[in-house]
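To start, the structure itself, in structure tokens.
The values are calculated or read from the model by the stated rules, or taken from the named source; none is laboratory data. Note that the coordinates shown come from a computational prediction; the quantities given were computed from them, not determined experimentally. For neighbour counting, all protein chains shown are included, and Cβ atoms are generated from backbone atoms with ideal geometry for every residue, glycine included. Heads up: the accessible areas ignore ligands, DNA and RNA and are worked out on the full protein's heavy atoms, side chains in. Shrake-Rupley method; radii C 1.70, N 1.55, O 1.52, S 1.80 Å.
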Amino acid sequence: MEYMSHSNKALLSLAVVSLTVFLFLSSFYLFLYNPRFYDQQYSRNGVYDDLGYEKTWEMTRLLWNYIHDNGQLSSQYYSSRDILHMVDVRNILLFVDGLYFAVSLTFILLVFYFFTFHKKNFRFFLYDLFFSTCLFCFFLLVFFVFLSFFFTQSFTIFHRVVFSNDYWLMDPTTDMLIHLFPEQFFLTFFLSILGVTLLFLIVLFGLNMYIKKR
């Protein structure tokens, strides 16, 4: 079997997609449960002024515990609409956890396959993999940066597509999630993911240039 057979091209494409998703999700997880990031956003968005430091972090710990360990969200802090929305959010995050595991395993198995059965051409495989991933990621980053200029509209469309109900439509007078996480929080979260993914991409591009020169 030649290195650039049709089946190997398909496997290479799968490896590119897997690595791309892995890079974006790795950036996502760097911020998802990052106390320093949340603290900065709470300060900048006036959450501490609105809710107080202790209450803010008690509510945050309840959310994280609910997502991680299926804990309970206290009605002392959260409205019924908040709680129903978090059921959907938790299910989505569980799906993302599974996707992250799946693309990681797929990528590892594909690298192992090419290393084992195409050892002589493994360097070319890595070059093709890194180059194609850099190209694919770059176009995705450009697209996502474009979306960031229309974040409110994109954020609304995302919710309408992903959620099968309207629990994500919050009332500031009764629902606390919107106080913890205003739109600016999600915009910063989104841009932070893009920024770290870009850094990953620069490293990947450097590795690609190193392989090319060898």
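For this structure, a couple of remarks:
- Criterion violated by MET4 - all others in (1) within 30 Å of PHE130 (Cβ to Cβ); (2) out of contact with any Ser or Thr (no Cβ under 9 Å at 6 or more places or on another chain); (3) in a helix (DSSP H, G or I) satisfied: (3)
- Odd one out for TYR100 among (1) of a type in the set (Phe, Trp, Tyr); (2) free of Cβ contacts under 8 Å to residues at least 40 places away in the same chain; (3) more than 21 Å from THR173 (Cα to Cα): (2)
- With respect to the conditions (1) touching a Ser or Thr at 6+ places or on another chain (Cβ under 9 Å); (2) of a type in the set (Val, Ile, Thr); (3) modelled with pLDDT of 95 or more, THR188 lacks only one, and its number is (1).
- Residues in region 26-36 that are assigned to a loop (DSSP other than H, G, I, E, B) and of a type in the set (Phe, Trp, Tyr): TYR33 alone.
- Of all residues making up region 26-56, the number that are surrounded by fewer than 17 Cβ atoms within 10 Å (Cβ to Cβ), of a type outside the set (D, E, K, R) and more than 30 Å from ASN208 (Cα to Cα): 10
- Checking LEU23, LEU99 one by one, the residue that is at pLDDT 95 or above, buried (at least 18 other Cβ atoms within 10 Å of the Cβ) and not basic (Lys, Arg) is LEU23 and no other.
- Residue that is among the hydrophobic types (A, V, I, L, M, F, W, C) and open to solvent by 80 Å² or more (accessible area, probe 1.4 Å), where the choices are LEU126, LEU109: LEU109
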